[in-house]
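Data first, discussion second: the structure below is written as structure tokens.
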Amino acid sequence: MNIRRPKKTVPMTDAVKKDIARIEHLWRDCRARFGKGGKFLFGKFSIADAMYAPVVSRFETYLVPVAEDTRAYMDTILALPAFQDWRRAGIAEPPEWDLPHYEEGHTVEISYR
């Protein structure tokens, strides 16, 4: 998760699109089955929401097109005071903490050998 990365769409492979659809389905299912008591995946804020905050941030950063209900959930997470504090802290990190190989314009290849 790179809080300071400019918001910009990126090309998505079919595999990435499939993963996004799976996450949207998962969030939708959690909300439908367990989220009746609030705006979060299980109604009230839980560790599940905390764990998905970086995913919400990535969807936001890469301007991923999502369904209306997904957007509503993302907006809920992005509006949390704790997320806003996290965002401010990330923006305030010193430049020497940057990892150039993860910045815009650089390609990272990962090998699972």
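The values are calculated or read from the model by the stated rules, or taken from the named source; none is laboratory data. Bear in mind that the values here come from a model prediction, so they are computed numbers and not experimental data. In this analysis, Cβ positions are derived from the backbone assuming ideal geometry, glycine residues included, and neighbour counts consider all displayed protein chains. All accessible areas refer to the heavy atoms of the entire protein, side chains included, with ligands and DNA or RNA removed. Shrake-Rupley method; radii C 1.70, N 1.55, O 1.52, S 1.80 Å.
Kindly count the pairs of lysines across the chain whose alpha carbons are less than 21 Å apart, treating pairs on different chains or eight or more residues apart as eligible.
Final tally of qualifying lysine pairs is 4.
Sort largest first and round to whole Å: the equivalent ellipsoid semi-axes of the stretch 32-79, each the square root of five times a Cα gyration tensor eigenvalue.
19, 12, 8
Which label belongs to the value computed from this structure, given these candidates for semi-axes √(5λ) of the Cα gyration tensor in Å: (1) 30, 12, 12; (2) 26, 19, 12; (3) 25, 15, 14?
So the calculated entry is the one marked (2).
In debye, nearest 20, what is the charge dipole magnitude of the chain about its Cα centre with +1 on Lys and Arg Cβ and -1 on Asp and Glu Cβ, if you could check?
Roughly 460 debye, rounded to the nearest 20.
Taking all protein chains as present, what is the carbon and sulfur share of the accessible area of the stretch 1-51, in % to the nearest whole number, probe 1.4 Å?
Carbon plus sulfur share of accessible area: 62 percent.
When a/c reaches 1.5 or more, the comparison of a/b and b/c decides; with that in mind, is the stretch 52-98 rounded, prolate or oblate per its Cα gyration tensor?
It comes out oblate by the Cα gyration axes.
Can you tell me the relative contact order of the stretch 1-66? Whole percent, Cα pairs under 8 Å, sequence separation 6 or more.
46
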